[in-house]
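So the structure is just underneath, and the comments pick up after that.
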Amino acid sequence: MRIAGFNVSVADDGLTALRAIDQHCIPDVIVLDLDLPRVSGIDVHQEIVSHAATCSIPIVVVTGTNWHSPAGVFRTLRKPIASDVLVTVVQRAVAQQHEHPPARNPHHHASDD
């Protein structure tokens, strides 16, 4: 993602991701694994969509599980994922955000697990 020009913030688990967002590190796109330690990706998604400041962030789910993605995600990708596919999907999510921008920080970030 960095090679494609994105500023990337990485969280190793769901709790760290939520803490980063709570500290106003609001990304333009979130790349979210469903099977995260400490707080699941499903719970992270639920928390993100339940707050006005974050509910409009497009979420790209990447998963190696057979779990169903939460409703309303931008796209679900099953692992393994080619890097060019992930870059293209994130670029589309960013483009969609720019067509309907929320009132937040305009810096590009793609959070990842």
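The values are calculated or read from the model by the stated rules, or taken from the named source; none is laboratory data. Quantities reported herein were computed from a predicted structural model and do not represent experimental measurements. Virtual Cβ from ideal backbone geometry, glycine too; neighbours counted across all protein chains shown.
Among the residues of region 42-61, those that are over 19 Å from Leu86 (Cβ atoms), in a loop (DSSP other than H, G, I, E, B) and either in contact (Cβ under 8 Å) with a residue 60 or more places away in the chain or in contact with a helix residue (DSSP H, G or I) (Cβ under 7 Å, 6 or more places away or on another chain) (or both) comprise Thr54, Cys55.
Take the conditions of a type in the set (A, V, I, L, M), at pLDDT below 95, more than 10 Å from the chain's Cα centre (by Cα) and surrounded by fewer than 17 Cβ atoms within 10 Å (Cβ to Cβ) and apply them to Ala20. Does it pass? In short, no.
Just wondering, is there one or more residues in region 1-15 that are modelled with pLDDT of 95 or more and of a type in the set (Ser, Thr, Tyr)? Checked against the condition, which is being modelled with pLDDT of 95 or more and of a type in the set (Ser, Thr, Tyr), region 1-15 yields no hits at all.
Is it fair to say Arg19 is outside any strand (DSSP E or B), touching a residue at least 24 places away in the same chain (Cβ under 8 Å) and basic (Lys, Arg)? Quick ask: steps written out before the conclusion?
Numbers: outside any strand (DSSP E or B): yes; touching a residue at least 24 places away in the same chain (Cβ under 8 Å): no; basic (Lys, Arg): yes.
Considered against the rule, which asks whether it is outside any strand (DSSP E or B), touching a residue at least 24 places away in the same chain (Cβ under 8 Å) and basic (Lys, Arg), Arg19 comes out as no.
Taking the criterion of being out of contact with any strand residue (DSSP E or B) (no Cβ under 8 Å at 6 or more places or on another chain) and either touching a residue at least 24 places away in the same chain (Cβ under 8 Å) or part of a loop (DSSP other than H, G, I, E, B) (or both), the residues of region 22-41 that qualify are Gln23, His24, Ile26, Leu36, Pro37, Arg38, Val39, Ser40. Within region 73-113, the set of residues being in a strand (DSSP E or B) and modelled with pLDDT of 95 or more comprises Arg75, Thr76, Leu77, Arg78.
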